[in-house]
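As structure tokens, the structure follows; a few thoughts come after it.
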Amino acid sequence: MAKTGTTTQGLRTAIERSGYYPALVAEAVEAAVGGERIASYLVHQETTFDANEVRRHVTVLVLTERRFIVSHTDEQAADSGSPTPYATTSTESVKRDRISSVVVSRVVANPESYTPGTLPREVVLTIGWGAVSRIDLEPAACGDPDCEADHGYTGNSTADDLSLRVSEAGDGIEAVKETLAFAQALSEATAGPAAGRA
């Protein structure tokens, strides 16, 4: 489920509608937002199956006038460290001008007959701001198949601090629309010199 919008009350309603520890999630997000005006938000809940357990996770993304706020909340079953089930919630606040990339990957069916405006069946939103980078290396080679020289390594560095996948089949078509709307708002907010002045 994903919900998007632009008001504080709308954000609280979306968090409550997700049904995932709404008081805990709302308190953490609202404390991080403080008194700033909300430009856009996205609430996304996902359920995963881990062996015999069902685990839920909610991600809340909030774009304010000056910051991008990310909140994650996970639930855990009772374990040796805690005799009762518990939840962990965290928030990260990033200045908008630190966002270095907003990548929107769209999966469309039957691309040969694609009509502009048709929603993709899946969207992956990847946002980077430099907190986490991944380096993929592999041995370098030259074009000579008989060459035995050591050419070192080649690779690339990818910033992917957050990756959020939403699909029509798993989350519904509204969730896909809302993710695209938030991605557009974030892209526009972080483009050009205006992002640093907002």
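The values are calculated or read from the model by the stated rules, or taken from the named source; none is laboratory data. Keep in mind that this is a model prediction, so the values were computed, not measured. When we count neighbours, we look across all protein chains shown, and the Cβ atoms used for this are built from the backbone with ideal geometry, even at glycine. Only protein heavy atoms, including side chains, enter the accessible area calculation; ligands, DNA and RNA are left aside. Shrake-Rupley method; radii C 1.70, N 1.55, O 1.52, S 1.80 Å.
Values computed for the structure shown
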| item | result |
| --- | --- |
| Region 6-28 residues that are outside any helix (DSSP H, G or I), paired with ones that are open to solvent by less than 60 Å² (accessible area, probe 1.4 Å) (beta carbon under 6 Å, 6 or more apart) | T6/I38; T6/S40; Y20/Q45; Y20/V58; Y21/A87 |
| Qualifying residue in region 107-119 (condition: touching a residue at least 60 places away in the same chain (Cβ under 8 Å), assigned to a loop (DSSP other than H, G, I, E, B) and open to solvent by 50 Å² or more (accessible area, probe 1.4 Å)) | yes |
| Matching residues in region 163-189 - criterion: being assigned to a strand (DSSP E or B) and touching a residue at least 40 places away in the same chain (Cβ under 8 Å) | L164, R165, V166, S167 |
| Selection count where residues are polar (S, T, N, Q) and open to solvent by 60 Å² or more (accessible area, probe 1.4 Å), scope region 172-191 | 1 |
| Hits in region 65-93 - residues which are open to solvent by less than 50 Å² (accessible area, probe 1.4 Å), at pLDDT 90 or above and either assigned to a loop (DSSP other than H, G, I, E, B) or aromatic (F, W, Y) (or both) | F68 |
| Selection count where residues are open to solvent by less than 20 Å² (accessible area, probe 1.4 Å) and among the hydroxyl-bearing types (S, T, Y), scope region 11-48 | 4 |
